[in-house]
Structures are given as C-alpha cells and as structure tokens.
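Report on the structure given below.
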2 protein chains.
Amino acid sequence: MPQQISVITLGITDAARSRRFYGEGFGGVPVHETPEIVFYQMNGLVLGTWLRAALEADMQWPGPPGAPAGFALGLNVGSAEAVDALLRRLEAAGGRILRPGDAPPHGHPWEIAWNPAWPIDAEGRVTFAI
Amino acid sequence: MPQQISVITLGITDAARSRRFYGEGFGGVPVHETPEIVFYQMNGLVLGTWLRAALEADMQWPGPPGAPAGFALGLNVGSAEAVDALLRRLEAAGGRILRPGDAPPHGHPWEIAWNPAWPIDAEGRVTFAI
C-alpha cells in the first residue's frame with residue numbers, strides 16, 4: 001500500500017471568503033468550480049473546498065456539529081475492489097467505517113475512493129479531471 | 001505562488017491507536033517518530049500525527065477545544081522572507097494571523113514555513129528530513 005493522500009476536502013461555511021482566500025491569497029486557480037465546491041490542483045493531490053453541511057452529509061458524519069469533522073482526507077486507489085480490501089484492513093487496524101462501500105473511517109475521516117477519471121501516476125500523484 | 005501543500009498535521013489523542021491505524025491500516029512506515037509525534041513521507045508531502053494539545057499549543061489556537069482545529073495544513077516556501085510576504089498576502093485576502101512570524105491564519109489553519117532541511121523539488125514535492 002503506497003503512502004498517499006489524494007485529496008484534502010475542507011468544509012467551509014462562507015464560499016466567497018474561501019474563494020478569495022485561496023484565489024487571491026494563495027493564487028489558486030480552480031480546476032472545477034460550482035457554487036458549493038471548488039477544486040484546486042496541488043502538487044500531486046487535489047484540494048477541495050466544500051460547503052461544510054454538504055461535506056458532512058456526504059461523509060455521513062455521526063457526531064454533533066463540531067470537532068473533529070470539517071475536513072476529510074481521501075485516498076484514491078486503482079480499482080473498486082481495492083476500496084473494499086483497504087476498508088477491511090483499516091477497520092481491522094482500529095478504524096471505524098462510517099458509510100458502507102466507500103465509507104471513510106471515523107476519527108480523522110478518510111475516504112477511500114476509486115475514480116476512473118482521476119489519473120494516478122507511478123509515484124501516486126493525482127490529477128483532477130472530470 | 002505554486003499551488004502546494006507541504007504537510008498535513010493531524011491532532012491525535014491516542015498515539016498508540018493512531019500508530020496502529022496508520023501503520024497496520026495504511027502500511028505507513030514512519031520517517032521520524034517520538035512518543036508525541038510521528039511523520040510519514042507521502043506522495044510529495046508529509047503527514048504528521050501529533051498529540052492534539054501540543055499541536056494546538058504550537059499553532060496558538062485561540063478557540064475553545066473543538067472545531068475546527070485538530071489539524072493543520074502547512075506550506076513550505078523557499079526562504080524566511082517568503083514566509084512574511086505570503087502571510088501579508090493571505091491576511092489581505094481575508095486570513096487571520098494567529099501567531100506572528102510563522103503564524104498560520106485562522107479558519108482552516110495554514111502554517112507557512114521555511115525549513116532548510118526539507119527539500120522542495122521543482123514540482124513542489126516535499127521530502128521529510130532532519
């Protein structure tokens with residue numbers, strides 16, 4: 001299992017402020033943008049900023065609104081089968097499955113995903129695509 | 001300004017459980033390990049797991065214990081001067097400086113750092129070193 005992070009998704013509450021901070025502050029140029037989510041291509045991984053309520057609904061976050069949600073780490077693997085295999089292994093290592101299928105374990109939420117549109121190079125670097 | 005993330009530091013409360021999850025679950029091999037912090041080399045960035053109280057003290061986190069702290073994103077730049085220049089730009093773009101000098105802005109905590117020991121290649125990929 002390579003040591004990789006494919007995507008960091010930050011839960012935001014103010015889309016305009018976030019867009020300004022990442023755009024004007026860091027000079028980020030979105031690779032994909034809707035009113036509720038913006039993706040930026042980083043150095044071999046993708047940064048997403050997503051309205052927090054939508055992010056927490058997507059990850060089926062069980063806790064009260066608050067810590068330690070508000071963000072998610074994602075790992076893209078090479079096949080749908082690899083998703084299930086890794087989820088079983090993470091659960092055996094003390095992770096908690098939040099959502100069957102492509103569910104992130106609890107604690108620090110990790111999403112294990114297979115996205116055929118996102119190329120993963122030999123060194124694990126991920127490029128945004130739709 | 002390149003679009004980069006150099007380090008993700010997760011605040012943890014149970015070092016043994018975290019070590020097992022990242023080690024046995026993801027197969028992570030630490031590149032540096034102490035009783036309170038473990039670093040893993042990822043795909044061009046570094047993942048750190050650090051006891052949460054120490055992380056929040058380091059970032060001078062002002063909020064009540066809870067959301068949205070518990071983690072920090074870091075960007076390593078090429079010089080000490082570049083730290084200050086970027087901090088000013090991030091503040092102008094709506095960020096809030098938590099700590100003078102190498103302070104992370106508030107909201108989603110970002111640390112802007114200059115670490116002469118960590119190589120940054122031409123594509124912005126960062127390698128752990130001490």
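Points to keep in mind about this one:
- With its label point put 7 Å out from Cα toward Cβ, A:Arg88 sits 5.7 nm from the same residue's point in the other copies, in order from shortest.
- Note on A:15-24: average number of Cβ atoms from other chains within 10 Å of each residue's Cβ is 4.
- Copies compared at B:Thr34 - label distances in nm, ascending, label defined 7 Å from Cα in the Cβ direction: 4.4
Each reported figure results from applying straightforward, stated rules to the coordinates on display, with no laboratory input. Predicted model, so just to flag it, every value in this text is computed and none were measured. Don't worry about glycine lacking a Cβ; one is built from the backbone with ideal geometry, like all the others, and counts go over all protein chains shown.
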